[in-house]
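Written below as structure tokens is the structure these notes are about.
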Ligand code: AMP
Ligand code: MG
């Protein structure tokens, strides 16, 4: 890990690291973020590894401009565009249906993606120089306080990130306000650095907090069931003997199963947990799209990113049982 002052030269270095699939912690106006190329799933998997998150939560993508941000969404409804024009760059995150370019690990399998354009000049210069949207959650260890100085990042993440850019204390110090749209109306997912009253003035209406009508996850920590395949998922031991079935699909960790299945996905031939995590959501989607009624999913080793993978597979298995 290199701890560097956020000079123009060092910002370029950090951008090159991110472009090459590495990670860099950097200041935004809210808190420090742990950034990676938001369109590179293996680089994004590394974020979860460094933070030691025991589960996959969706990440916020940071863009340099409104037009770069808009390309991450399938479509931008007029009320959303109005908020973007008024509050970006700034501490407002918008959640809308994602475009095909956004990898599953960024959204934790959700069909929507969270995007913002930060105001901090270091963050903006970094995203511009990297030339890609930067996925960045707060640069803290899971469950610890969000970092507002580069020293906080260093003490929590240590040697984890390839670079920590020191750009001084963050101006706002709390996370961004997160807004989504339901039937074209803005809804609050998480209060944060941008006061709700200001959003309401531009929206021309009150902005209610997300309630139970919302099936998507609400605030951080409320992400229990946000992805479950439509097929019934059953956890099995790797290589466990099964009756092959033409209506079942198979999610392998490293090796294809014996026998025939409707569809098979292998998470990592090398047995790498980072690669497995990067492939998890697209593999599950592919198996689901095969039309399988059942998905057998091999357990993976429950250390490092394996814990987050197992968390997700367990939730998918449970969810099905609960809704039967
Ligand atoms: P952080 O980056 O640590 O500030 O946390 C990001 C938070 O954004 C997550 O914990 C979610 O609560 C929220 N979020 C990100 N993407 C989505 C999404 N697609 N739908 C709802 N909430 C989201
Ligand atoms: Mg956080």
Within the bounds of segment 221-241, is there any residue that is at pLDDT 90 or above, within 30 Å of residue 22 (Cβ to Cβ), in a strand (DSSP E or B) and touching a helix residue (DSSP H, G or I) at 6+ places or on another chain (Cβ under 9 Å)? no
Considering only segment 77-88, I want to know if a residue exists there that is surrounded by fewer than 19 Cβ atoms within 10 Å (Cβ to Cβ), closer than 22 Å to residue 15 by Cβ and more than 11 Å from ligand 1 (Cβ to nearest atom). no
Restricting the search to segment 295-305, which residues are surrounded by fewer than 18 Cβ atoms within 10 Å (Cβ to Cβ) and modelled with pLDDT of 95 or more? 299, 301
Of all residues in segment 169-210, which are away from ligand 1 (no atom under 13 Å from the Cβ), without any contact (Cβ under 8 Å) to a residue 24 or more places away in the chain and either buried (at least 20 other Cβ atoms within 10 Å of the Cβ) or part of a loop (DSSP other than H, G, I, E, B) (or both)? 169, 183, 195, 204, 205, 206, 208
Only one residue in 76, 102 is away from ligand 2 (no atom under 16 Å from the Cβ) and free of Cβ contacts under 8 Å to residues at least 40 places away in the same chain, so which one is that? 76
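Quick one: would you say residue 109 is surrounded by fewer than 21 Cβ atoms within 10 Å (Cβ to Cβ), on the phi > 0 side of the Ramachandran plot, at pLDDT below 95 and within 15 Å of ligand 2 (Cβ to nearest atom)?
Answer is no for this residue.
Regarding residue 51, is this residue within 12 Å of ligand 1 (Cβ to nearest atom), buried (at least 21 other Cβ atoms within 10 Å of the Cβ) and without any contact (Cβ under 8 Å) to a residue 60 or more places away in the chain? Break it down into steps so the answer makes sense when it comes.
Working: within 12 Å of ligand 1 (Cβ to nearest atom): yes; buried (at least 21 other Cβ atoms within 10 Å of the Cβ): yes; without any contact (Cβ under 8 Å) to a residue 60 or more places away in the chain: no.
Here the answer is no, as residue 51 does not meet what is asked.
Before we move on, is residue 153 within 16 Å of ligand 2 (Cβ to nearest atom), touching a helix residue (DSSP H, G or I) at 6+ places or on another chain (Cβ under 9 Å), closer than 30 Å to residue 4 by Cα and assigned to a helix (DSSP H, G or I)? Steps first, please.
Numbers: within 16 Å of ligand 2 (Cβ to nearest atom): yes; touching a helix residue (DSSP H, G or I) at 6+ places or on another chain (Cβ under 9 Å): no; closer than 30 Å to residue 4 by Cα: yes; assigned to a helix (DSSP H, G or I): yes.
It is false that residue 153 is within 16 Å of ligand 2 (Cβ to nearest atom), touching a helix residue (DSSP H, G or I) at 6+ places or on another chain (Cβ under 9 Å), closer than 30 Å to residue 4 by Cα and assigned to a helix (DSSP H, G or I).
Could we say that residue 134 is away from ligand 1 (no atom under 11 Å from the Cβ), crowded, with 24+ Cβ neighbours inside 10 Å, within 16 Å of the chain's Cα centre (by Cα) and farther than 19 Å from residue 28 by Cα here?
On the way: away from ligand 1 (no atom under 11 Å from the Cβ): yes; crowded, with 24+ Cβ neighbours inside 10 Å: yes; within 16 Å of the chain's Cα centre (by Cα): yes; farther than 19 Å from residue 28 by Cα: no.
Answer is no for this residue.
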Residue count, segment 137-155, condition within 16 Å of ligand 1 (Cβ to nearest atom) and in contact (Cβ under 8 Å) with a residue 60 or more places away in the chain, comes to 11
When you look at residue 121, is it out of contact with any helix residue (DSSP H, G or I) (no Cβ under 7 Å at 6 or more places or on another chain) and farther than 30 Å from residue 206 by Cβ, yes or no? yes
For segment 58-68, which positions are crowded, with 22+ Cβ neighbours inside 10 Å and away from ligand 2 (no atom under 16 Å from the Cβ)? 63, 64
Filtered residues of segment 280-291 (kept if surrounded by fewer than 23 Cβ atoms within 10 Å (Cβ to Cβ) and either in a loop (DSSP other than H, G, I, E, B) or touching a residue at least 60 places away in the same chain (Cβ under 8 Å) (or both)): 281, 282, 285, 290, 291
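The values are calculated or read from the model by the stated rules, or taken from the named source; none is laboratory data. It should be emphasised that the depicted structure is a prediction, and the values quoted were computed from it without experimental measurement. Cβ: placed from backbone, ideal geometry, glycine included. Neighbour counts: every protein chain shown.
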